[in-house]
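The values are calculated or read from the model by the stated rules, or taken from the named source; none is laboratory data. The shown structure was predicted, so the numbers you read here are calculated from the model rather than taken from an experiment. Heads up, the Cβs are rebuilt from the backbone with ideal geometry, glycines too, and the neighbour counts pull from every protein chain shown.
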Amino acid sequence: MALTLTEGNKYSTTELQRAVIDRLVKDSEILKLLPFEEILGNSLTYDTITTDAGADFYAVGDTWTEGTPVLTQATATLKILGGDADVDNFLLTTRSNKMDLKGTVLGNKVKAVQNKFLDTFFYGNATTNTKEFNGLHALMTSTTYNTVQEQTASGDGGATSIAKLQETIDLVTGWKPTHLVMSKLLRRIINVYLDSIGDKFTATRDQYGKMIESFRGLDVIVDDHILNTESTTDLGAYESSTTDDQSTIFVLTFDPMACCGIHSGDRVQTIPLGDLETKDAQRWRIKWYPSLMLQDLRSCAKYAGLLTGSAVEA
């Protein structure tokens with residue numbers, strides 16, 4: 001059964017683990033929404049449909065043509081994510097009445113793990129870096145099923161088009177997508193365009209009173225880990241560049257058969273490694289074995305190659 005980190009945290013066995021996972025999902029809508037499947041072993045193999053089955057009308061006596069979907073096997077492999085943090089014993093003793101030093105140090109390390117996961121969630125590429133899992137850009141490369149692009153063959157981008165954004169949403173078939181994910185800059189220039197035509201993002205409040213923006217029925221998530229400096233000629237290898245000004249809007253469906261994470265049953269672990277020999281400090285290790293999968297290519301989509309320096313078009 002796939003659970004979000006928040007739901008799975010209800011089954012945590014220690015207060016420290018609960019606190020670490022609470023910190024991990026804090027300020028990240030992606031990690032609050034993304035379901036995770038707990039797996040045994042170090043990988044999960046699944047089938048994706050790359051070519052649909054066909055059907056036709058036949059006359060009496062016609063020879064029927066067989067047509068089954070073409071399946072491609074994919075494997076999501078768990079990767080090792082984490083880091084060590086040292087808590088100075090002298091500071092722990094002398095400042096414990098003023099601040100939670102251990103909590104501060106571990107909280108900072110958990111934030112670093114969160115940032116690394118979210119960077120990889122969008123831009124991970126196991127081909128160029130075997131230590132990381134494939135992110136959304138690497139998992140969505142089909143211009144038939146899940147990708148609309150403004151880029152030319154040379155990698156030049158184009159202006160964001162509202163019509164093409166809606167075309168991207170319509171690429172999701174068999175599912176009801178729930179979220180648009182984009183950078184703050186893209187949301188801002190889209191807002192400028194909508195204001196100019198007397199339109200706007202719809203704004204409502206959720207059950208906690210938080211303001212939620214939506215576009216054509218899809219909740220809008222802005223994420224600082226989506227770059228405004230993407231550059232590529234390969235749909236599966238987006239990367240940061242200081243000279244380019246492209247970005248991407250993702251249309252996501254969070255579901256165990258759609259956009260879903262996997263991890264080991266231990267989830268996020270906090271391990272005390274004890275006192276160090278070479279310095280007066282205690283070492284703690286934060287570790288997590290996660291990955292990402294997209295079992296149905298048509299459950300999510302992306303609109304790529306968007307020039308962040310250009311005005312939005314109809």
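Restrict the check to segment 4-16 and report whether at least one residue is assigned by TED's automatic domain parsing to the domain that holds Gly265, charged (D, E, K, R) and buried (at least 17 other Cβ atoms within 10 Å of the Cβ). No; the residues of segment 4-16 include none that is assigned by TED's automatic domain parsing to the domain that holds Gly265, charged (D, E, K, R) and buried (at least 17 other Cβ atoms within 10 Å of the Cβ).
Residues in segment 56-82 that are surrounded by 15 or more Cβ atoms within 10 Å (Cβ to Cβ) and modelled with pLDDT of 90 or more: Ala76, Thr77, Leu78, Lys79, Leu81, Gly82. Report, by residue number, each residue of segment 146-167 that is in a loop (DSSP other than H, G, I, E, B) and either buried (at least 21 other Cβ atoms within 10 Å of the Cβ) or among the basic types (Lys, Arg) (or both). Within segment 146-167, Asn146, Gly157, Thr160 qualify.
State yes or no: is Val20 out of contact with any Phe, Trp or Tyr (no Cβ under 6 Å at 6 or more places or on another chain) and either at pLDDT 85 or above or crowded, with 17+ Cβ neighbours inside 10 Å (or both)?
On the way: out of contact with any Phe, Trp or Tyr (no Cβ under 6 Å at 6 or more places or on another chain): yes; either at pLDDT 85 or above or crowded, with 17+ Cβ neighbours inside 10 Å (or both): yes.
The answer is yes for Val20.
Residue check: Ser247 meets all listed conditions (1) in a strand (DSSP E or B); (2) touching a residue at least 40 places away in the same chain (Cβ under 8 Å); (3) assigned by TED's automatic domain parsing to the domain that holds Ile39 but one, namely (3). Taking each residue of segment 111-126 that is touching a residue at least 60 places away in the same chain (Cβ under 8 Å) and farther than 18 Å from Lys287 by Cβ and looking for partners that are among the hydrophobic types (A, V, I, L, M, F, W, C) and assigned to a helix (DSSP H, G or I) with beta-carbon atoms closer than 6 Å, six or more apart or interchain, yields Phe122/Leu136; Asn125/Ala138.
Can you tell me which residues in segment 264-307 are closer than 30 Å to Leu171 by Cα, touching a helix residue (DSSP H, G or I) at 6+ places or on another chain (Cβ under 9 Å) and either surrounded by fewer than 20 Cβ atoms within 10 Å (Cβ to Cβ) or of a type outside the set (Ser, Thr, Tyr) (or both)? Spell out the reasoning first.
At the first step, the residues of segment 264-307 found to be closer than 30 Å to Leu171 by Cα are 290-307.
Pick out the ones that are also touching a helix residue (DSSP H, G or I) at 6+ places or on another chain (Cβ under 9 Å) and you get 290, 292-294, 297-298, 300-304, 306.
Those that are closer than 30 Å to Leu171 by Cα, touching a helix residue (DSSP H, G or I) at 6+ places or on another chain (Cβ under 9 Å) and either surrounded by fewer than 20 Cβ atoms within 10 Å (Cβ to Cβ) or of a type outside the set (Ser, Thr, Tyr) (or both): Pro290, Leu292, Met293, Leu294, Leu297, Arg298, Cys300, Ala301, Lys302, Ala304, Leu306.
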